[in-house]
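Everything below concerns the one structure shown next.
What follows is calculated from the coordinates using simple rules that are stated; it is not laboratory data. Computed from a predicted model, the values in this text were never measured in an experiment. Ideal geometry is used to build each Cβ from the backbone, glycine not excepted, and the neighbour counts take in all protein chains shown.
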Amino acid sequence: MNTVPHPDSWINYKPLPDMKGKRMGVFAHVFVNEGAQEKVKAVYKNIVDVAIEEETCIVLSACTSLVDTKHHLLYEEWTDYDEFFEVQFARTYRKGFMRWLHPIMSHPLSAEFTEILHSTGAHPHNVAQNAFSLIKSVHIASGNEDDARKMFVEYIDQVGQDSRNLHANIHQSLNNPQHFLLYEVWRDLSYLAKDDMKSERRRELNFHCNELADSELPEPAMEIFQIHYDPKKHEFP
C-alpha cells in the first residue's frame with residue numbers, strides 16, 4: 001500500500017515528478033473556532049466561485065460536516081496534477097483564501113493529496129504509515145438531499161461503533177448541495193478491504209447511494225490510501 005503526504009504546510013508541498021500530468025485530488029481539512037461556522041462558509045465561497053472556472057477543475061466543493069459543525073473540508077479534483085501545483089498555487093485567490101481562513105482556524109489546516117482512484121506513491125518525509133483513509137465522493141439527484149443526509153448520518157453512527165474505525169465523517173457541499181463526501185479513517189487495512197468493504201452495512205450504503213444518485217453528474221469516486229493519522233487533527237474539545 002502506497003502513502004500520501006501529510007505536509008506541515010500544504011502550500012510548501014512539492015509534487016512528485018512521476019505524477020506529472022495525472023488526475024489528482026485534494027482533501028484539505030480545517031477545524032474552525034466555535035462561532036465561526038458562518039464565516040468559514042463565506043471564506044470557502046470566495047475561492048470556489050473563482051476556482052471552479054478553471055478548465056482543469058472537475059469538481060470543487062466547499063464541504064461542511066453534518067455531524068460536527070466545526071469541521072470543514074475543501075474537496076478538489078483536477079485533471080492535471082502538475083498544473084495544479086505550478087499554476088494554482090500562484091493564483092492570488094489561493095493565497096487570499098489562506099489569509100481569510102487563518103484568523104478563524106482553531107488548528108492548522110491539514111491536507112492530503114492523491115491521484116483519484118490510485119495512491120500517489122511513496123513520499124520522502126513526514127509520513128507515518130499508521131492508518132488508512134477511505135474517501136467516497138457521491139453526487140445525489142436534486143430533491144434527494146434530505147434522504148441522503150439521513151442515510152449518511154445513520155451510516156456514520158453505525159461505523160462509529162466499530163472498534164477498528166478511528167474516524168468517520170460525512171460532508172455536504174456548500175456550493176453544490178447535491179455533492180456528498182464520505183471520509184473514513186481505519187486502523188486495519190486487511191479488515192477494511194476483506195471484511196468491511198464486503199459487509200452488509202457497506203452493500204446497503206452503496207445500494208441506496210445508487211438509488212439516490214444523479215447519473216448526469218460526475219460519477220462516484222472512491223479511494224483507499226494510507227495516511228499519517230493524528231487523532232488531534234480530527235477531535236478537538
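If amide hydrogens are placed 1.01 Å from N in the peptide plane, which non-local residues have theirs closer than 5 Å to the one on Leu174?
Result for Leu174 returns Ala62, Cys63, Thr64.
If a/c stays under 1.5 just call it rounded; otherwise compare a/b with b/c (prolate if a/b is bigger, oblate if not). Do that for region 33-85, with a ≥ b ≥ c from the square roots of the Cα gyration tensor eigenvalues.
It is prolate, given that a/c is not under 1.5 and a/b is the larger ratio.
So how do Glu184, Glu34, Glu54 line up by other beta-carbon neighbours within 10 Å, fewest first?
Glu34, Glu54, Glu184
List, in order, the whole-Hz ³J(HN,Hα) value for each residue of region 100-108 obtained from phi through the Karplus relation with A = 6.51, B = -1.76, C = 1.60 and θ = phi - 60°; use x for Gly and Pro.
3J(HN,Hα) across region 100-108, in whole Hz: 6, 6, 3, x, 10, 6, 8, 8, x.
Taking a spot 7 Å from the Cα of Gln37 along the direction of its beta carbon, which residues of region 63-98 have an amide N less than 19 Å from it?
Those under the cut-off are 63-74.
Find out how many positive minus negative residues lie around Asn144, taking Lys and Arg as positive, Asp and Glu as negative, among other residues whose Cβ is under 14 Å from that of Asn144.
Result for the neighbourhood of Asn144: -4.
For region 54-61, take each phi angle, set θ = phi - 60°, evaluate the Karplus expression 6.51 cos²θ - 1.76 cosθ + 1.60, and give the result in whole Hz per residue in order, putting x for glycine and proline.
Computed from phi, the couplings for region 54-61 are 5, 4, 8, 8, 8, 9, 9, 10 Hz.
Using the Karplus curve 6.51 cos²θ - 1.76 cosθ + 1.60 with θ = phi - 60°, work out ³J(HN,Hα) for each residue of region 28-35 in order, rounded to whole Hz, and write x for Gly and Pro.
Running phi through 6.51 cos²θ - 1.76 cosθ + 1.60 with θ = phi - 60° gives 10, 8, 8, 9, 10, 5, 4, x Hz.
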